[in-house]
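Colleague: One structure, as structure tokens, below. Some questions next.
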């Protein structure tokens, strides 16, 4: 579950990030995006971001699949949070969170989703299909992100909204995400015939005995 501290800091950070992406014409190529944001990208043993006089991210040497796309976007998120002056503000105004390190990582994941799938992508993906699993698959195809990343972006597109999404494999919940919404099952739960027992769920077959489901209120 993504349960952000949604206040003026989070809202302003989101506006700042979208403004920086607009300056790059919402560049999709990860190497070109780093260049346009004036962030040096190097290969390293692990993923990490350094911010200072020169902004640098290290990423493992891999092919540019959906996983690495998200890892690069995640590290760029840390750079933008610090570059925009939000790091200290978040640590001060969100000091009540139980785990600040986890909170910062969750914010970076959230911003990474926005980098990979900016608001106009979400709008274009769902204007004909609404809040449905098909929208998530369109979003994944448009952005190059994984279905798992796309369902998280869809669920958190509006932090005041109530959405949830999940992927099943066989009779088990393989992955799930919610925003301001409780679902009667958790990741790794066994939930056979989920569409029959949970009629509020909208499901789409992904093949190989996998389903993508959504719930929105």
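The values are calculated or read from the model by the stated rules, or taken from the named source; none is laboratory data. Note that this is a predicted model, so its numbers are computed, not measured. All Cβ positions, glycine included, derive from the backbone under ideal geometry; neighbour counts span all protein chains shown.
Colleague: Hey, can you tell me all the residues within the range 10-43 that are free of Cβ contacts under 8 Å to residues at least 24 places away in the same chain, part of a helix (DSSP H, G or I) and over 15 Å from residue 74 (Cα atoms)?
Modeller: Answer for the range 10-43, where residues must be free of Cβ contacts under 8 Å to residues at least 24 places away in the same chain, part of a helix (DSSP H, G or I) and over 15 Å from residue 74 (Cα atoms): 11, 15, 19, 22, 23, 32, 35, 36.
Colleague: Right, next: Can you tell me which residue among 92, 120, 74, 103 is closer than 21 Å to residue 55 by Cα and in a helix (DSSP H, G or I)?
Modeller: None of the other options fit; the residue is 74.
Colleague: If you don't mind, there's one more thing I want to ask. Exactly one of these conditions fails for residue 48: (1) out of contact with any helix residue (DSSP H, G or I) (no Cβ under 9 Å at 6 or more places or on another chain); (2) surrounded by 12 or more Cβ atoms within 10 Å (Cβ to Cβ); (3) over 25 Å from residue 139 (Cβ atoms). Give me its number.
Modeller: (1)
Colleague: Among 149, 108, which is closer than 25 Å to residue 47 by Cα and in the same structural domain as residue 39 (by TED's automatic domain parsing)?
Modeller: Checking each option against the conditions leaves just 108.
Colleague: Checking the condition surrounded by fewer than 17 Cβ atoms within 10 Å (Cβ to Cβ), touching a strand residue (DSSP E or B) at 6+ places or on another chain (Cβ under 8 Å) and more than 27 Å from residue 5 (Cβ to Cβ), which residue from 193, 200 passes?
Modeller: 200
Colleague: Can you tell me how many residues in the range 6-17 are in contact with a helix residue (DSSP H, G or I) (Cβ under 9 Å, 6 or more places away or on another chain) and surrounded by fewer than 16 Cβ atoms within 10 Å (Cβ to Cβ)?
Modeller: Total satisfying the criteria: 3.
Colleague: Still on this structure, I have one more. Quick one: which residue in 106, 169 is within 24 Å of residue 9 (Cβ to Cβ) and either touching a residue at least 40 places away in the same chain (Cβ under 8 Å) or surrounded by 16 or more Cβ atoms within 10 Å (Cβ to Cβ) (or both)?
Modeller: Exactly one residue qualifies, and that residue is 106.
Colleague: So residue 187 fits all but one of (1) touching a helix residue (DSSP H, G or I) at 6+ places or on another chain (Cβ under 7 Å); (2) closer than 24 Å to residue 5 by Cβ; (3) not in a strand (DSSP E or B); what number is the exception?
Modeller: (1)
Colleague: Any residue at all in the range 113-126 that is touching a residue at least 60 places away in the same chain (Cβ under 8 Å), surrounded by 18 or more Cβ atoms within 10 Å (Cβ to Cβ), under 12 Å from the mean Cα position of the chain (by Cα) and within 12 Å of residue 214 (Cβ to Cβ)?
Modeller: no
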